[in-house]
1. What single numbered condition from (1) surrounded by 16 or more Cβ atoms within 10 Å (Cβ to Cβ); (2) out of contact with any Cys (no Cβ under 6 Å at 6 or more places or on another chain); (3) modelled with pLDDT of 95 or more fails to hold for ASP368?
2. For segment 204-218, give me each residue that is touching a helix residue (DSSP H, G or I) at 6+ places or on another chain (Cβ under 8 Å) and crowded, with 23+ Cβ neighbours inside 10 Å.
3. Quick check on my filter: what residues within segment 9-28 are touching a residue at least 12 places away in the same chain (Cβ under 8 Å) and of a type outside the set (Gly, Ala, Ser)?
4. Could you tell me whether ALA337 is among the small types (Gly, Ala, Ser), assigned by TED's automatic domain parsing to the domain that holds ILE15 and surrounded by fewer than 16 Cβ atoms within 10 Å (Cβ to Cβ)?
5. Out of everything in segment 16-58 that is aliphatic (A, V, I, L, M) and within 18 Å of the chain's Cα centre (by Cα), what residue ends up being nearest to HIS369 (Cα to Cα)?
6. Which of the residues spanning segment 43-69 are touching a strand residue (DSSP E or B) at 6+ places or on another chain (Cβ under 9 Å) and within 11 Å of GLY275 (Cβ to Cβ)?
7. I'm checking my understanding of the structure. Among residues of segment 74-98 that are among the polar types (S, T, N, Q), in contact with a Gly (Cβ under 8 Å, 6 or more places away or on another chain) and outside any strand (DSSP E or B), which one is farthest from LEU235 (Cα to Cα)?
8. Where in segment 272-387 are there helices (runs of 4 or more DSSP H), lying wholly inside it, with at least 2 residues that are without any contact (Cβ under 8 Å) to a residue 40 or more places away in the chain and under 24 Å from the mean Cα position of the chain (by Cα)?
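The values are calculated or read from the model by the stated rules, or taken from the named source; none is laboratory data. This one's a predicted model, so the numbers in the text were calculated from it and none came from an experiment. Here the Cβ positions follow ideal geometry from the backbone for every residue, glycine too, while neighbour counts run over all protein chains shown.
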Amino acid sequence: MTDIHPVYAAMAPTIFEHMSALAREHGAINLGQGFPDGPAHPDMLDAAARALAERSNQYPPAFGLPELRDTIAAFYARRQGLSLTREQVVVTSGATEALAAALLALVTPGDEVLLFQPAYDSYAPMVRRAGGVPVSVPLSPPHWRYEAAPIAAAITPRTRLLMLNDPLNPAGTVASGAELAMIADLCVRHDLTAICDEVWEDVCFDGVPHRSLLSMPGMARRAVKIGSAGKIFGLTGWKVGWFCAAPDIAQALGRAHQFLTFTTPPALQWAVAEGLGKPDDWFADQRAAWAASRRHLADALQRAGFTVLPNAATWFLCIDLAASGIALTDRDFSERAVREAGVASIPVSALFEGDGPRHILRLCFAKDHKILDEAVARLAAFRATLA
């Protein structure tokens, strides 16, 4: 009989897979897994279709089409003031693959890696599979701020890296300039490398700007910046991502990438290159539509008596169950709501390792307004049964 690695034999489905499966089983509205329900922008579909018909469908270069790497560098120069070259960019099959390549290339056995909690649920398992030891630094609602004292207290002589997800999923917060400067200073003083998951960088609202940790003093050779076309364009199924770093670091991470997926579908790369070259107002229209859905869901939840936490980015709003007068934990509420109310959500406690808040629920707002209204009506009716 084939032996299965005990880590994977015992591993449960991710919370996203679990809740989406329950949503399908119960015919529920899925506000759990994060993806937009609206149609893809026709410009992007047209670009991909033309590339399929007119460009090569054979293996592209392992590090990505040169044209896409150039366009990513130009996009960041225009939008974030970063000065990057093609040699600093490697295209991956989604941002999660970029994270895996970065950890495999940078972590050696026994290295400690700081993870801010809540965290994307792949971080800790990937750190462990790379031989590292995840060390949690919890953040607290409602503002989820980064504070120097607990971060510094978590650093030991074995600490080699930290992983920073900014904007932060699930909280929807954006780190301030002062917070980024503090984190950069700690990295420099303690000789740490930062893996920066910045996939939500172009999904910010209310005029709140995103600034990459890569741009902070002392971080040019200490940060790996990870981006995602899926988040920028709302095309999560395309799985086109990338990482950016100093040329020699990018080269080393690229060698890890070549033994993971090796490369990414060329037609999608061509389409993403065309999309990233669009003028800023093209992106503004898409962001405005997401912002309108965000306001719509927040207003509907508040009218229904739910307490909505502050949000400045991502496709997610969080509600505070305790402040809303609901005694259930977030896991209990989400499990019952999908079965009894027909609405799937994500309990934020599932994105913590160890102790964390048990009263915060995440909902995806990148849906049609009528769907959001129906979801809130169902949640309100379910809440009434709990009184």
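1. Status for ASP368: all satisfied but (1).
2. LEU213
3. First, pick out the residues of segment 9-28 that are touching a residue at least 12 places away in the same chain (Cβ under 8 Å): 11, 14-16, 19-20, 22-23, 26-28.
Result: MET11, THR14, ILE15, PHE16, MET19, LEU22, HIS26.
4. Numbers: among the small types (Gly, Ala, Ser): yes; assigned by TED's automatic domain parsing to the domain that holds ILE15: yes; surrounded by fewer than 16 Cβ atoms within 10 Å (Cβ to Cβ): no.
Answer is no for this residue.
5. Keep residues of segment 16-58 that are aliphatic (A, V, I, L, M), which gives 19, 21-23, 28-29, 31, 40, 44-45, 47-49, 51-53.
Still in the running and within 18 Å of the chain's Cα centre (by Cα): 19, 31.
Details: MET19: 21, LEU31: 12 Å.
Filtering segment 16-58 for residues that are aliphatic (A, V, I, L, M) and within 18 Å of the chain's Cα centre (by Cα), the one nearest to HIS369 (Cα to Cα) comes out as LEU31.
6. Passing the criteria: only LEU68.
7. Step one: list which residues in segment 74-98 are among the polar types (S, T, N, Q), which gives 80, 83, 85, 88, 92-93, 96.
This time we only want the ones that are in contact with a Gly (Cβ under 8 Å, 6 or more places away or on another chain), so: 92-93, 96.
This time we only want the ones that are outside any strand (DSSP E or B), so: 93, 96.
Values: SER93: 13, THR96: 15 Å.
Per the stated criteria, the residue is THR96.
8. Filter on segment 272-387 gives 280-303, 330-336.
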